[in-house]
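Report on the structure given below.
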Amino acid sequence: MAESAVGGASWRFLVTGSLLPFEMDLSRREEFSGTIRSSRLSELSFIEMACQMHAAHRSVVHVSEVERPELVVSFQRSGTLHLEQDGRRTKISPGQFAVYDSSRPVALVGSDDYRSLCIKFPMAHCRDGADSVREITATSFDGGRGLGPAVWGMLENLGAGVRTGPPRNPGRVAHNVIGLVEQMLHEQLDHREAGEASEVLLNKCLRYIDDHLGDPELSPQQVAAANFISTRYLHVLFQRTDTTVASHIREVRLQRVREDLADLRYHTASVDSIARRWGFTNISHFGQTFKKATGETPAGYRRSMLSGGGLG
C-alpha cells in the first residue's frame, strides 16, 4: 500500500500508522511532501519511505505507552539520517543501516531526498534479548559488508513481493528473515570488535617502539615477537598508519634526535652520542638520513635551533 502526504499533519498520521508514533518537526511544513509504502508478513513489517527534510522524536511519553517493544532496522537508500538513542549518535549514509528500539526515546533527522527501507519486528524475536540490542542502537553499519548485500536485496524483493501476494507460510518466512537479519547484525558486530581489537594491538606495538627506540636491534621482527604476533600481521596493522614499521621507527628516532639537538640541557653532548642514544649506530648513514629529512646537517640544525638561546 502506498500513501502520500502533503503537509505536516498528514505526514505524522502516515508515519504513526505504518511505523511508530513520533513527534514531527518539519522546517517547511506547508511545502512538505512524502510517500510511505508499507506491507506486512506475519509479525514482520516493511516500510519504504521517501520524503523531504524532517526531524522526528519519540519521547518518554511515547515509550511509556509501548506494550510490545519492537526493533526497527533502517536501510538508507538516499539522503542521510542522523539517529540518536541510548546516549549514542550516528549518521547513516546511503548504503548503510542502523537499528533503534521502539521502547526507548529516540531522535531522528532526515535530509532532503530522504529514502529508506525499514523493517520492524517484535523484540521478543531477538534471541539475544533486548539488552544485547541496546548495545548497538544508533550505530551505523556497512550494508555492503558480508551478509549485508544479500539480506538487503532479499528485503527489497520480499517487501515488494508481499504487496502482490503473501507466501504460503508467512510466519515461517518471517521467522527465517528475522534470523538472517540477526545473523547480519552479529557479523557486523564481530567485524567491528575485531577492528577495535586490532586498534588496541596497534597502539600496544607503537608504545613498544617508543619504549625501545634506544635499542639498536629494534626491528619489525622484534616488535612482532614482543607482542606475540607474526611480522606479516604487524605489517597489516601498520597499513592503517600510512607508513611502514621500519619507516615509523626511523621517523620517531629522528624526531627524538631533533628534540635533543634543540634542547639546551644537551648542548654539550656530541651529535654522535645523541644519535646513538636513539638507536643510530652507523653515524655516517645517520648524518645522511638526517640531512635528507631536515635539509640540514645535525650540527647545522643544532646551531640554528640554539642560536636564539645565545649558544651557537
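Just so it is clear, none of the values below were taken in a lab; they were calculated from the coordinates. Model, not experiment: these values are computed from the prediction. In this analysis, Cβ positions are derived from the backbone assuming ideal geometry, glycine residues included, and neighbour counts consider all displayed protein chains.
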Task: Radius 13 Å from Cβ of Gln288, net charge of other residues (Lys, Arg +1; Asp, Glu -1) - done: +2
Open item on the list: How much length would be gained if the chain were fully extended between Arg68 and Lys91, taking 0.36 nm per residue of separation minus their Cα-Cα distance, in nm to one decimal?
Closed with: 5.6 nm
Open item on the list: For a quick check: with amide H placed at 1.01 Å from N, whose amide H comes under 5 Å from Gly143's, ignoring anything fewer than 5 positions away on the same chain?
Closed with: Gln96, Phe97
Task: Rough spin-label spacing in nm, given labels placed 7 Å along Cα→Cβ, for Ile283 and Tyr266 - done: 1.5
- [ ] Work out, step by step, the length gained on full extension between Asn227 and Asn157: first 0.36 nm times the residue separation, then minus their alpha carbon distance; give nm to one decimal.
- [x] 20.4 nm
- [ ] Using a 10 angstrom cutoff on alpha carbons, build the Gaussian network for the chain and name the most mobile of Leu261, Leu155, Leu189.
- [x] Leu261
Open item on the list: Report the gain in length on full extension from Glu23 to Glu259: 0.36 nm times residue separation, minus Cα-Cα distance, nm rounded to one decimal.
Closed with: 79.2 nm
Open item on the list: Can you classify region 11-144 as rounded, prolate or oblate using the Cα gyration tensor, where a ≥ b ≥ c are the square roots of its eigenvalues, rounded means a/c under 1.5, and otherwise it's prolate if a/b beats b/c and oblate if not?
Closed with: rounded
TODO: Choose one answer from Val72, Val257, Val162: the residue with the largest mean-square fluctuation in a GNM of the chain with alpha-carbon springs under 10 Å.
DONE: Val257
- [ ] Find out how many positive minus negative residues lie around Val99, taking Lys and Arg as positive, Asp and Glu as negative, among other residues whose Cβ is under 12 Å from that of Val99.
- [x] -1
Open item on the list: To test your reading of the geometry: what angle, between 0 and 90 degrees and rounded to tens, separates the Cα axis of helix 170-211 from the longest principal axis of the chain?
Closed with: 10
Open item on the list: Below 15 angstrom from the Cβ of Pro216, what's the summed charge of the other residues (Lys, Arg +1; Asp, Glu -1)?
Closed with: +1
Task: Helix-derived mean residue ellipticity, 222 nm - over the chain, DSSP H n ≥ 4, -39500 (n - 2.57), to 500 - done: -14000 deg cm²/dmol
Task: Cα-based reach from Lys91 at 27 Å (exclusive), listing lysines while leaving out same-chain residues under 8 positions away - done: Lys120
